Amino acid sequence: MKITILGSGAIGGLAGAYMTKAGHEVLLVDRWVEHVAALDEKGLFIDGVRGEMTVPVKAATPDQLTGELGTVLIATKSQHAVEALKQIIPLLNADSCVVSFQNGFNEPDMIAALNEAGLPGERIVMGSIPNYGGALVDPGYVEFVHEGPIQLGELNGEMTPRLKALGKALSALTEVQYSTRIWGQIWAKEVYASQVVFSALADAKIRDTLGVERYARIAGAVVKEALEIADANGIDVQAFDFFDPSNYRVKTAADTQRLLANINHAIWLLKKDQDTKPAHNFKKKGSGIWWDIVYRKRPSETRSSSGKLIDFGKKTGADTRLNEKLFSMIYEIEDGKRDLGFHNFDELEAYIASIGKTLP
């Protein structure tokens, strides 16, 4: 296949490297000039859960794009997805395929941008959830942090030839799971992401946040409310990878214990690959939200991904108080108005109790 990947950090870079190795014609595109220069000069260096390797790749900046792009994967941070799409609209046509290959509720906005340009957005856009993880450490250097499958699906649920062809190409990196309900799975990822955002309130490893029962209870309450927002919007939230929404519909103390066991299992799945590589000192020790705030010193993608749950909730009259409190705390950290630390968990725990949302 001919594939263009817009955003060549961890998610896009890993996909591009492995598909290149498999013989596909892949172009990695990124606006970070130093990163593109390093890719051109030395290739992409990857270390982490699968060991070290360097893959020679083709790379370019967005302004260098011309001609036929083939299948396009937009793997930028969520807040840059539509901007990245608009840059390449002049190079697209009615038969193009553009995949939203990152977190967030980006598909509707991508469709709208294409429709506004006179292209059939509903036909062009494909949905996905990349559940493997990594970090762009330095120009030309990506750390592969954890394994995970890719969910891939047409928004109308059809099993099309282009879907299967792209899935086959991406299987060079990891398992591809075809979905007939990708929108429900995208919602599931963002509902689940509320507890990922929660874990970034402190500069600590996942095991020291979600791995502690007291804190896992807080995270569970946050996701329970997020799931209720999805319900209010009539979304059939789908299970994916290590997340089953039924575990978060807590009503009894026994339900809470099952939820805590599920959270512990998810942490084990995310970290088991790292545990088999004791010689590698992983740079990314927390979530992607943590990585942006602590390592990259920049705002995370929360506002444009799971942060949109607030807007969805307000449109339907759903209770969003807990998620609204959580996201406001993260935004304050990003704006330099709040310090990272475990005191943030204490504050959120007290707030949960004050509004009657403590898990049984």
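The values are calculated or read from the model by the stated rules, or taken from the named source; none is laboratory data. None of the values given here were measured: they were computed from a predicted structure. All Cβ positions, even for glycine, are placed from backbone atoms using ideal geometry, and neighbour counts span all protein chains on display. Please note that ligands, DNA and RNA were not included when accessible areas were found on the heavy atoms of the full protein model with its side chains. Shrake-Rupley method; radii C 1.70, N 1.55, O 1.52, S 1.80 Å.
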Study note, to complete from the structure: Of the residues L114, H265, A37, the Cα lying farthest along the dipole of the chain towards its positive end, which is defined by charges on the beta carbon of Lys, Arg, Asp and Glu, belongs to H265
Review point. What does the accessible area per residue of the chain come to in Å², with a 1.4 Å probe and no ligands, DNA or RNA counted?
Key: 40
Check your understanding: Can you give the angle from 0 to 90° between the axis of helix 213-232 and the longest principal axis of the chain, with both taken from C-alpha atoms, to the nearest 10?
Key -> 70
Check your understanding: Angle, helix 33-42 long axis vs. longest principal axis of the chain, Cα atoms, 0 to 90°, nearest 10?
Key -> 60
Check your understanding: How many percent of the accessible area of the chain is carbon or sulfur, using a 1.4 Å probe?
Key -> 51
Study note, to complete from the structure: Judged on accessible area alone, 1.4 Å probe, highest first, K285, K21, K297 line up as K297, K21, K285
Revision key, fill the gap. A correct Stokes-Einstein calculation for the stretch 1-158, using the alpha-carbon Kirkwood radius, 20 °C and 1.002 mPa s, returns a whole-number D in µm² s⁻¹ of 137
Study note, to complete from the structure: Burial-style ranking of 93-102, 252-261, average other-beta-carbon count within 10 Å with highest first, yields 93-102, 252-261
Practice item. Can you tell me the 0 to 90 degree angle between the C-alpha axis of helix 182-199 and the longest principal axis of the chain, rounded to 10? Key: 60
Exercise for review: Could you tell me, in Å, what Rg and Dmax come out for the Cα atoms of the chain?
Suggested key: 19.9, 59
Point to revise | Whole-Å semi-axes of the ellipsoid equivalent to the stretch 1-58 (Cα gyration tensor, √5λ, descending) | key: 15, 14, 10
Revision key, fill the gap. With only helices counted (DSSP H, runs n ≥ 4, each -39500 (n - 2.57)), the per-residue ellipticity at 222 nm for the chain, to the nearest 500, works out to -13000 deg cm²/dmol
